[in-house]
Amino acid sequence: METIAGIFDSRSDAERAVYGLRSAGIATDRIAFLTPGTSDEKVESAVPTTDTEQPGMGKAMGGAVGGAMGVAGGASLGAAAASLLVPGVGPVLAAGIIGAAILGLGGAATGAVAGAAMENELATGLSRDELYLYEDALRQGRSIVVAYAEDENAEERVHNVLAQAGAESIDAARESWWLGLRDAEEEHYQTQGGDFQHAEVSYRRGFEAALNPKRRGKSYEETASELKEAYRESGTDDAFRRGYERGQHYQKAIKESIKS
């Protein structure tokens, strides 16, 4: 099963994409929709954390909105929507069976029709290495649509629908995100006596490695063995380590800015 995501500048375009995906034959339980803001419902209680909650995300606060969420003139996702307060991001409305699970908050979608088995199956297909891009998009007020294609034919249909609705791909979002940080990271690296042009690839890999939810808040030393296994030799070089440390600093700064 292929996981395909699109990032939209406007919520209306994202809703149009949901409608297009349903019209293209993608089942509602294979679509997730994330957008900034909360529902009109009053937040009632804390959403319980689960064993699958990602480290660094913290406990989400919110209430199950319940019922179907109507989007794009009737293109309901047919499952619960959850209003969440995601640490480091802010308020998020997650719709679809696995909408909340994408953020590591599966317990929030308490009204979902499908059971935990389906939720886990779909959420597992999403790369946690990309979660920081979803968070960044939501902080910027953008919306996200994720679809799960079961074969190549469905994959092509999903890509076409998202593109026609004006989605930015995850790969494009990743490059834009880095370009927004690159000048400051280059200046920081070079003030420490490094050659950023030579080190950038490894440095960036380390920076992004630090943003994986399971490593957030953990020092390089705490994760060194796991990083070496995941990134082989590059996980042990100096540029990677320095990038990792800056990635941790970046994540911490974001959380503090949201609190203030």
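Details
- Remark: region 6-22, residue by residue, has Karplus-estimated 3J(HN,Hα) of x, 10, 10, 6, 10, 5, 4, 5, 5, 5, 5, 5, 4, 4, x, 5, 5 Hz, where x stands for each Gly or Pro and the curve is 6.51 cos²θ - 1.76 cosθ + 1.60 at θ = phi - 60°.
- Shape metrics for region 192-259, restricted to C-alpha atoms - Rg then Dmax, Å: 11.9, 37
FYI, it's all coordinate maths here, none of it is from the lab. Computed from a predicted structure; not experimentally measured.
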